[in-house]
Amino acid sequence: MTHKRITIDYIEYSAVGEMDPQDQEVVAAALEARKGSYSPYSKFRVGAALRLADGTIVQGANQENIAYPSGLCAERTAMFAASANHPGVPFDTLAIVGGNGAEVCEMPAAPCGGCRQVMAEYQRLYDRPLRIILIGSHAIYKFDKVEDILPLIFDSLKVE
């Protein structure tokens, strides 16, 4: 038996103003995207903004439905919209923010496993790291690649 450890590196910011201007822009877009949330059941509003390699920013917001699990997370709405409307344009940075009502969570809300796996798929498709920014009112986390938030990515299925 061998004991092994998985570690990750990330940057923590205490305020948006500490970030570079491009990251500030995608964070602002994620905050704005929360306005499009349809969350009458959970009241948890999530916004996502995805910067593409060409600089385009695509927004998404969580969409709930009374017939669970027919809704969709903000991250996936942004990624699927980007893929459908900007085919072949690689993803660069995905910013995510969540909170109850108008309030943003103090600590960053993390994406669900399904969204992490979709992020991994697009990262593999474009063969380049997808940076992830998780936004809270008291801290912001920035990760260099999807493996940092999903260390054991499922990619065993070989698709030709």
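Find, among the GluC sites (Glu not before Pro) in the stretch 1-62, those assigned to loop by DSSP (not H, G, I, E, B) with at most 12 other beta-carbon atoms within 10 angstrom. Present the calculation step by step, with values, prior to reporting the outcome.
Details: sites: E12, E18, E25, E32; in loops: none.
Those that pass, being in a loop and sparsely packed, number zero.
Looking at the stretch 19-148, send over the antiparallel percent of its DSSP beta bridges, to the nearest 5. It would help to have the intermediate numbers written out before the result.
On the way: 19 of 25 bridges.
Around 75 percent antiparallel, to the nearest 5.
With a cut-off of at most 11 other beta carbons within 10 Å, and DSSP calling the residue loop, which GluC sites (Glu not before Pro) in the stretch 91-127 qualify? Please list them. Could the numbers behind the result be given before it?
Working: sites: E103, E106, E121; in loops: E103, E106.
Sites meeting the loop and neighbour criteria: E103, E106.
Note down the Stokes-Einstein diffusion coefficient of the chain in µm²/s, whole number, using a Kirkwood radius over alpha carbon pairs, 37 °C, and 0.692 mPa s.
Answer, rounded: 205 µm²/s.
Suppose R0 equals 41 Å. What FRET efficiency, 1/(1 + (r/R0)^6) with r the Cβ-Cβ distance, do T7 and K43 give to the nearest 0.05?
Working: r = 35 Å, r/R0 = 0.86.
The formula returns an efficiency of 0.70 here.
Round to the nearest 0.05 the FRET efficiency obtained for S14 and D155 when R0 = 25 Å and r is the Cβ-Cβ distance.
On the way: r = 35 Å, r/R0 = 1.38.
The pair S14/D155 has a calculated efficiency of 0.15.
If the viscosity is 1.567 mPa s and the temperature 4 °C, what translational diffusion coefficient in µm²/s does Stokes-Einstein give for the stretch 1-64 when Rh comes from Kirkwood over Cα pairs? Before the final figure, lay out the partial values.
On the way: Rh = 14.1 Å.
Roughly 92 µm²/s, to the nearest whole number.
Using helices alone, I'd like the mean residue ellipticity at 222 nm for the chain: each DSSP H run of four-plus residues gives -39500 (n - 2.57), total over residue count, nearest 500. Spell out each step's value before the answer.
Details: 3 runs with 39 residues, N = 160.
Calculated from helices alone, the mean residue ellipticity at 222 nm is -7500 deg cm²/dmol.
Which residues make up the longest stretch of the chain clear of chymotrypsin sites (Phe, Trp or Tyr not before Pro) that lie in a DSSP loop with no more than 15 other Cβ atoms within 10 Å, not counting the sites? All intermediate terms of the calculation are to be shown ahead of the outcome.
Numbers: sites that count: Y10, Y41, F154.
Free of exposed loop sites, the longest segment is 42-153.
Please report the equivalent ellipsoid semi-axes of the stretch 53-112, computed as sqrt(5 x eigenvalue) of the Cα gyration tensor, largest first, in whole Å. Kindly include the intermediate steps, with their values, before the conclusion.
Working: eigenvalues 104, 54, 14 Å².
For the stretch 53-112, the ellipsoid semi-axes come out as 23, 16, 8 Å.
Which is the longest run of the chain containing none of the trypsin sites (Lys or Arg not before Pro) found in DSSP loop states (not H, G, I, E, B) with at most 15 other C-beta atoms within 10 Å?
The reported range is 44-157.
Each reported figure results from applying straightforward, stated rules to the coordinates on display, with no laboratory input. Please read all numbers here as calculations on a predicted model, not as lab measurements. Neighbour counts run over all protein chains shown; Cβ positions are idealised from the backbone, glycine included.
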